[in-house]
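Structure first, then comments.
The values are calculated or read from the model by the stated rules, or taken from the named source; none is laboratory data. Bear in mind that the values here come from a model prediction, so they are computed numbers and not experimental data. Positions of Cβ are generated from backbone atoms using ideal geometry, with glycine treated the same way; all protein chains shown enter the neighbour counts. Note: accessible area is taken over every heavy atom of the protein model, side chains too, but ligands, DNA and RNA are not part of it. Shrake-Rupley method; radii C 1.70, N 1.55, O 1.52, S 1.80 Å.
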Amino acid sequence: MRHFIRRRPSVVAGGLLVALAACSDSAAISAPNDAGTAVGQTAAGPGDGSQPGTTQAPATIFDLGVTVGTAAAGRDSLANTPLANAKVTVYSQTLVPVPGGGADSLTVSERAVANTVTDASGKARFTGLAAAQYRVEAVRDGGGSASVNLAPPYAANVGVLLIIR
């Protein structure tokens, strides 16, 4: 026989509050100053779903702006120093079924579709990418890398910040 203990709502709410406080950072997080301008867009650009009465449709072609930096000392996890001459590669990703693995067994197949190096301000730009699943990777000379997966976008301009630690 199982026994259930009824908890008072204030005890449960207090526990939830303590858990949320323990998981939060103690310092404010600030985004890089150029987060929106890295790809020539503003925070409330066309297709921004935060604008009342707007609808979003998937983009068919988009431009990708990549900012690469190295982690800067401090408490802010987004603080970085721009990294020049980092190699940035864009890989297209395709999901491939695993034979005999069942309906939900897939592997990710990748193919490099574009690459370049960052300029003196740690920026790289890729234009005219077809809307698809991508992985963007930045590698610095001497070792260290960072990457991010991108789903097909809804915006014509996408900006990514990669911090190599």
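Some notes on this structure:
- Per the listing Gln51, Gln41, Gln56, the residue uniquely at pLDDT below 80, touching a strand residue (DSSP E or B) at 6+ places or on another chain (Cβ under 8 Å) and open to solvent by 40 Å² or more (accessible area, probe 1.4 Å) is Gln41.
- Cβ pairs under 7 Å, 6+ apart, first in the range 94-119 and over 27 Å from Leu83 (Cβ atoms) and polar (S, T, N, Q), second at pLDDT below 90 and open to solvent by less than 70 Å² (accessible area, probe 1.4 Å): Ser105/Val98; Thr107/Val96; Thr107/Val98; Ser109/Val96
- Options Ala79, Ala151, Ala72, Ala156: the member that is at pLDDT below 95, out of contact with any Pro (no Cβ under 8 Å at 6 or more places or on another chain), small (Gly, Ala, Ser) and open to solvent by 40 Å² or more (accessible area, probe 1.4 Å): Ala151
- Residues that are farther than 21 Å from Ala59 by Cβ and open to solvent by less than 70 Å² (accessible area, probe 1.4 Å) were ranked within the range 133-144; the one that is modelled with the lowest pLDDT is Gly143.
- Residue within the range 115-132 that is surrounded by 14 or more Cβ atoms within 10 Å (Cβ to Cβ), modelled with pLDDT under 95 and either of a type outside the set (Asp, Glu) or in contact with a helix residue (DSSP H, G or I) (Cβ under 7 Å, 6 or more places away or on another chain) (or both) present: yes
- Any hit, the range 98-105, residues being closer than 21 Å to Phe62 by Cβ and either buried (at least 16 other Cβ atoms within 10 Å of the Cβ) or of a type in the set (Val, Ile, Thr) (or both): no
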